[in-house]
Each structure stands twice: as C-alpha cells, then as structure tokens.
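J.: I have a structure I would like to understand better, so I am pasting it below and will then ask my questions one at a time.
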Amino acid sequence: MRALMKQPLIRLFVVNGFLGIGFGLAIAALLVAVDFRGVATLALTDPNGFVAIVMLALGLSVTCGGAAIATAVMLLPWEEDDDFDGGPGGGGRDDERAVRLQPVRVRARGRHGVPKIPRRD
C-alpha cells in the first residue's frame with residue numbers, strides 16, 4: 001500500500017477523494033443539523049428514517065468525492081506538445097501518410113438535403 005501511495009497520481013486521487021467525501025458528509029450533517037426542509041424531522045418520525053439519512057450521506061459523499069477528484073485532474077498542469085500542429089487531421093505528423101485537407105465541390109441543396117429545382121424564367 002505504501003508503494004502505491006508513493007505514486008503522485010494515485011496519491012492525488014486518494015487525497016482529493018477523501019477530502020471530497022469528508023465535504024459531502026459535512027454537508028449531509030449540516031442539512032440534518034439545521035433541519036433543512038424538515039429532513040431531520042422526517043427522518044426522526046419515520047421508522048426507516050435512519051436509511052434516509054444514510055442514503056443522503058452516501059449520495060452526497062460519492063458526488064462530492066467524484067467532483068473533487070475530477071476537479072483535481074482537470075487542474076493538473078500539462079505540457080504543450082511541440083509536434084502537434086493543432087489543425088484538424090494534422091495530428092502533428094509531417095510524413096506522407098498524414099491526412100491532408102482537400103477542397104470539395106458540393107452542389108447547392110435546399111432544406112433537408114433536397115436538391116434545389118432551378119426556376120424557369
């Protein structure tokens with residue numbers, strides 16, 4: 001387990017996942033503590049209210065944990081690839097096998113792909 005945690009990407013996922021899960025659990029506890037929209041009252045009066053609280057906490061923790069991991073991944077710095085030309089079909093390859101854009105003549109069409117009928121004057 002220690003060898004796995006020494007890898008920076010795995011450590012990033014685990015740390016941000018646990019932070020997101022903690023944040024989700026804190027939100028669930030806050031919603032129950034302030035009785036937002038009667039959540040705590042409903043849970044305390046219902047015989048299966050504990051299940052509702054657990055589902056609320058698990059749902060919020062999974063959502064916030066996933067959002068925290070996704071945000072951490074999207075905020076990772078990345079290096080520009082010098083070989084990539086950025087154009088469609090270019091792909092940064094300069095050899096003969098590279099895809100080249102060619103102009104194509106297209107006949108004018110009307111709405112929904114129906115050919116236009118020329119007018120008789």
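The values are calculated or read from the model by the stated rules, or taken from the named source; none is laboratory data. Because the structure is predicted, anything quoted here is derived from the model rather than measured. Cβ coordinates were reconstructed from backbone atoms using ideal geometry, including for glycine residues, and neighbour counts include every protein chain displayed.
J.: Just to be sure, is V62 over 17 Å from the mean Cα position of the chain (by Cα) and surrounded by 14 or more Cβ atoms within 10 Å (Cβ to Cβ)? Give the steps one after another, and end with the answer.
T.: Details: over 17 Å from the mean Cα position of the chain (by Cα): no; surrounded by 14 or more Cβ atoms within 10 Å (Cβ to Cβ): yes.
So V62 does not fit the description; no.
J.: Between residues in the stretch 38-49 that are without any contact (Cβ under 8 Å) to a residue 12 or more places away in the chain and residues that are part of a loop (DSSP other than H, G, I, E, B) and among the charged types (D, E, K, R), which pairs lie under 8 Å by C-beta distance while being six or more apart or on different chains?
T.: T41/D35
J.: Separate question: Within the bounds of the stretch 93-105, is there any residue that is at pLDDT below 75, part of a loop (DSSP other than H, G, I, E, B) and under 29 Å from V14 (Cβ atoms)? It would help to see each step written out before you state the result.
T.: Quick first cut of the stretch 93-105, residues at pLDDT below 75 only: 93-98.
Now restrict to residues that are part of a loop (DSSP other than H, G, I, E, B): 93-98.
Going one step further and asking which of them are under 29 Å from V14 (Cβ atoms), we end up with none.
Checked against the condition, which is being at pLDDT below 75, part of a loop (DSSP other than H, G, I, E, B) and under 29 Å from V14 (Cβ atoms), the stretch 93-105 yields no hits at all.
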